[in-house]
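The values are calculated or read from the model by the stated rules, or taken from the named source; none is laboratory data. Everything quoted here is computed from the prediction, not taken from an experiment. Glycine also receives a Cβ, built like all others from the backbone with ideal geometry; neighbour counts cover every protein chain displayed. Surface accessibility is based on the protein's heavy atoms, side chains included, excluding ligands, DNA and RNA. Shrake-Rupley method; radii C 1.70, N 1.55, O 1.52, S 1.80 Å.
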Amino acid sequence: RLGLKLTTRTQSSAGSGSVTDPRFGMQDLVNFRYDLAVGDQELDPAELEELARLKVPLVRLRGQWVELDDKHLKAALKFLERSRSGTMSAADALMAGLHGPGLPGEDSDSDGDTLPLVGVDADGWLGDLLSGHADRRLEPVATPDGFHGELRPYQERGVAWLSFLGRLGLGSVLADDMGLGKTPSTLCLLVLNGHPDSASAPASQEGPSLVICPMSVVGNWEREAARFTPGLRVHVHHGAGRLSGDELAGALAGADLVITTYGVATRDRAALAKVNWARVVCDEAQNIKNHATRQAQAVRSLPAGSRIALTGTPVENRLADLWSIMEFTNPGLLGPAEKFRKTFAIPIERNADDEAAERLRRATGPFILRRLKTDKSIISDLPDKLEMKVWCNLTAEQASLYQATVTDMMARIEAAEEGIERRGLVLATMAKLKQVCNHPAHLLGDGSRLPGRSGKLARLEEICDEVVAEGDKALAFTQYAEFGAMLQPHLAARLGCPVLYLHGGTPKKRRDAMVADFQQMTEPAVFLLSLKAGGTGLNLTAASHVIHVDRWWNPAVEDQATDRAFRIGQRKDVQVRKFVCVGTLEERIDAMIEEKKALAERIVGTGESWLTELSVAELRKVIALSPEAVSE
């Protein structure tokens with residue numbers, strides 16, 4: 001197909017334009033030229049006139065068959081007559097190189113519906129950025145004097161990339177796998193940009209930086225800053241006794257790094273907005289994946305010289321997650337949400353449109369840096385991760401409860417009107433059936449005995465017995481805090497070793513002490529964790545086994561939880577077991593999730609809400625009990 005090729009050149013008076021030269025910035029001018037092209041070959045005026053004269057849908061040109069759309073060809077020729085060459089700002093050239101002519105928020109009429117951009121030829125940092133390989137062309141940063149640690153080569157390249165984009169006022173998404181050290185890389189950036197000439201220069205000369213993170217990660221940021229950047233003045237703005245008014249303003253003005261939570265940033269939005277932050281960093285940035293929430297709106301409203309999103313999961317199950325994160329880091333880059341949905345989300349998610357996926361990769365690639373732990377060129381000394389499904393059967397009691405729940409809930413769902421009531425019933429059904437698969441006592445909540453009534457508990461007991469016999473440690477995740485509370489005393493009595501339990505109600509001091517104890521103890525141990533409270537922000541490399549007792553049905557969330565053990569510092573191979581009850585909704589939804597994983601991989605889960613849109617017939621198939629579910 002025909003397309004447009006954009007060529008830009010740095011004007012000589014603006015400096016070299018290299019990736020390390022700050023003299024050439026976003027507002028400097030570049031010379032540009034558009035040409036009509038087939039692939040990477042430009043067409044001359046005579047060829048253009050001949051194509052316009054032929055008016056046929058398919059022609060042979062330079063040895064290739066070319067598809068011609070007369071309407072698009074005329075529009076492209078009209079565009080070239082008006083805008084073939086001239087000068088534009090580097091910022092406009094960047095947007096044109098990412099999206100083609102016109103800004104992503106503009107609506108085109110039929111005359112302005114130009115051909116797609118098929119090539120970009122740019123020099124200097126603009127060329128490096130548009131190539132998507134700026135991180136590889138930048139010189140890795142030397143570890144600054146104020147950073148007490150040693151960065152790995154991929155981290156040095158990452159810090160150089162973050163610094164490069166920040167210097168241009170552009171936002172970035174550091175989407176490295178969990179456990180690859182995004183926190184120390186960010187801390188190194190703060191020291192690097194705050195100490196340009198010497199280790200004694202104050203980091204705050206460019207203004208303080210704000211880190212917004214989940215409550216469970218606040219302590220980790222505080223400890224990591226004390227460890228790697230002890231020279232930074234750190235203020236934690238969190239808790240009922242946090243500062244306000246003039247006291248808060250004074251503390252923020254005297255800090256290099258301020259750490260707060262998403263909840264506090266939302267409540268104290270007005271006070272935090274009074275500071276001109278050098279940068280705002282969102283850790284576990286999937287917390288702002290829903291752009292319409294007060295939390296996401298509050299974070300986006302804070303003034304910042306540059307913005308950084310840290311997340312191992314830039315895309316979970318919906319491309320709207322990516323739009324929201326990119327709207328925080330680089331507002332307007334992907335256009336309005338509704339236009340993004342029509343241009344990218346619907347074609348890619350519903351129709352598997354490869355061309356739309358490629359355009360989205362081109363538009364977001366320069367601002368997303370993702371490295372995987374499984375890539376040996378990134379990190380070669382991390383042990384292997386072995387993932388496996390553990391198939392469990394139901395007991396006769398579980399099967400009876402399961403069928404009774406299906407019969408009761410399906411009757412209520414069929415009688416319900418469409419809308420919130422029906423969606424609520426579907427989610428309630430899923431929760432009840434998962435509780436049955438865990439244990440009858442979990443569904444009934446009657447405090448009855450645990451042994452001998454659940455196939456899943458029997459498998460958990462067997463696996464924990466093996467872990468303890470081998471002298472190892474294990475993490476066991478459950479979606480339900482109440483089920484963890486039931487398991488803890490049962491497993492402790494059976495295994496005869498420490499069985500710790502962390503959930504959302506665990507105080508911060510107790511949480512930190514439990515993590516330290518688990519990491520330091522030399523005897524075998526099991527650490528039970530509720531998935532919400534323990535799935536992020538913890539370093540638990542003492543464990544070499546990870547067990548997902550019940551499933552959130554969101555691969556990204558499960559991977560984050562697994563990465564509590566599978567991260568830098570792990571010395572053993574990590575065995576990951578995911579429990580699935582045969583012949584139940586767990587097996588069928590597991591198969592559906594395996595298919596949905598491909599979406600995130602193509603571009604770089606939204607929990608269970610997508611299940612509420614299933615029809616009654618589809619829902620009945622998903623939750624039906626199969627004969628093979630029940631053990632002999």
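Applying the selection to region 473-489, what residues are open to solvent by 20 Å² or more (accessible area, probe 1.4 Å) and not hydrophobic (A, V, I, L, M, F, W, C)?
Here is the first cut: in region 473-489, the ones open to solvent by 20 Å² or more (accessible area, probe 1.4 Å) are 479-482, 485-486, 488-489.
Answer for region 473-489, where residues must be open to solvent by 20 Å² or more (accessible area, probe 1.4 Å) and not hydrophobic (A, V, I, L, M, F, W, C): GLN479, TYR480, GLU482, GLN488, PRO489.
Answer with yes or no whether GLY419 is of a type in the set (Gly, Ala, Ser), farther than 22 Å from GLU586 by Cα and either open to solvent by less than 80 Å² (accessible area, probe 1.4 Å) or modelled with pLDDT of 95 or more (or both). Yes; evaluated as a whole, the condition is true for this residue.
Restrict the check to region 394-403 and report whether at least one residue is open to solvent by 60 Å² or more (accessible area, probe 1.4 Å) and modelled with pLDDT under 85. No, region 394-403 contains no residue that is open to solvent by 60 Å² or more (accessible area, probe 1.4 Å) and modelled with pLDDT under 85.
Anything in region 549-562 that is in a loop (DSSP other than H, G, I, E, B), open to solvent by less than 10 Å² (accessible area, probe 1.4 Å) and either at pLDDT below 90 or not acidic (Asp, Glu) (or both)? List them, or say none.
The initial filter retains those residues of region 549-562 that are in a loop (DSSP other than H, G, I, E, B), namely 549-554.
Cutting the leftovers down to open to solvent by less than 10 Å² (accessible area, probe 1.4 Å) gives us 549-550, 553-554.
Correct list: VAL549, TRP553, ASN554.
If you take the residues of region 449-472 that are over 24 Å from VAL582 (Cβ atoms) and touching a helix residue (DSSP H, G or I) at 6+ places or on another chain (Cβ under 9 Å), which of them is surrounded by the most Cβ atoms within 10 Å (Cβ to Cβ)? Working first, answer last.
Kept after step one, since they are over 24 Å from VAL582 (Cβ atoms), are these residues of region 449-472: 449, 468-472.
Pick out the ones that are also touching a helix residue (DSSP H, G or I) at 6+ places or on another chain (Cβ under 9 Å) and you get 449, 468, 472.
Numbers: ARG449: 8, VAL468: 21, ASP472: 17.
Ranking the qualifying residues of region 449-472, first place goes to VAL468.
Evaluate region 285-294: report whether one residue or more is in contact with a strand residue (DSSP E or B) (Cβ under 7 Å, 6 or more places away or on another chain) and among the charged types (D, E, K, R). Within region 285-294, none of the residues are in contact with a strand residue (DSSP E or B) (Cβ under 7 Å, 6 or more places away or on another chain) and among the charged types (D, E, K, R). Filter region 145-189 down to the residues that are of a type in the set (A, V, I, L, M) and part of a loop (DSSP other than H, G, I, E, B), then identify the one that is modelled with the lowest pLDDT. This residue is MET178. When the criteria are applied in full, ALA255 meets the requirement of being buried (at least 21 other Cβ atoms within 10 Å of the Cβ), touching a strand residue (DSSP E or B) at 6+ places or on another chain (Cβ under 7 Å) and not in a helix (DSSP H, G or I).
Of all the criteria given as (1) outside any helix (DSSP H, G or I); (2) more than 30 Å from THR313 (Cα to Cα); (3) touching a strand residue (DSSP E or B) at 6+ places or on another chain (Cβ under 6 Å), the one not satisfied by ALA399 is (1). Within region 494-515, being among the β-branched types (Val, Ile, Thr) and closer than 20 Å to PRO451 by Cα holds for one residue alone: VAL499.
Listed residues VAL264, VAL299, VAL315, VAL280; which is within 23 Å of THR186 (Cα to Cα), assigned to a loop (DSSP other than H, G, I, E, B) and not acidic (Asp, Glu)?
When all the criteria are applied, what remains is VAL315.
Would it be correct to say that ALA411 is crowded, with 19+ Cβ neighbours inside 10 Å, among the small types (Gly, Ala, Ser) and either farther than 30 Å from LEU310 by Cβ or at pLDDT below 95 (or both)? Criteria not met by ALA411.
Yes/no matrix, rows are residues, columns are (1) farther than 15 Å from PRO214 by Cβ; (2) not basic (Lys, Arg):
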residue: ALA249; (1), (2): yes, yes
residue: THR260; (1), (2): no, yes
residue: ASN276; (1), (2): yes, yes
residue: VAL281; (1), (2): no, yes
residue: ALA285; (1), (2): no, yes
residue: ARG294; (1), (2): yes, no
residue: ALA304; (1), (2): yes, yes
residue: ALA309; (1), (2): no, yes
residue: GLY312; (1), (2): no, yes
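Every listed requirement among (1) touching a His at 6+ places or on another chain (Cβ under 9 Å); (2) at pLDDT below 90; (3) open to solvent by 10 Å² or more (accessible area, probe 1.4 Å); (4) not acidic (Asp, Glu) is met by SER216 save one, (1).
Within region 370-385, residues that are part of a loop (DSSP other than H, G, I, E, B) and surrounded by 10 or more Cβ atoms within 10 Å (Cβ to Cβ) have Cβ atoms under 8 Å from residues that are modelled with pLDDT of 75 or more and among the small types (Gly, Ala, Ser) in these pairs: ARG370/ALA175; ARG371/GLY158, counting only partners at least 6 apart in sequence or on another chain.
In region 283-296, how many are part of a loop (DSSP other than H, G, I, E, B) and among the acidic types (Asp, Glu)? Before you say what the answer is, go through the steps one by one.
Looking only at region 283-296, we keep the residues that are part of a loop (DSSP other than H, G, I, E, B), and these are 284, 289-293.
From the residues that got through so far, the ones that are among the acidic types (Asp, Glu) too are 284.
The number of residues fulfilling the criteria is 1.
The condition of being surrounded by 22 or more Cβ atoms within 10 Å (Cβ to Cβ) and under 17 Å from ILE212 (Cα atoms) does not hold for ALA270.
In this structure, GLN398 does satisfy being polar (S, T, N, Q) and in contact with a helix residue (DSSP H, G or I) (Cβ under 6 Å, 6 or more places away or on another chain).
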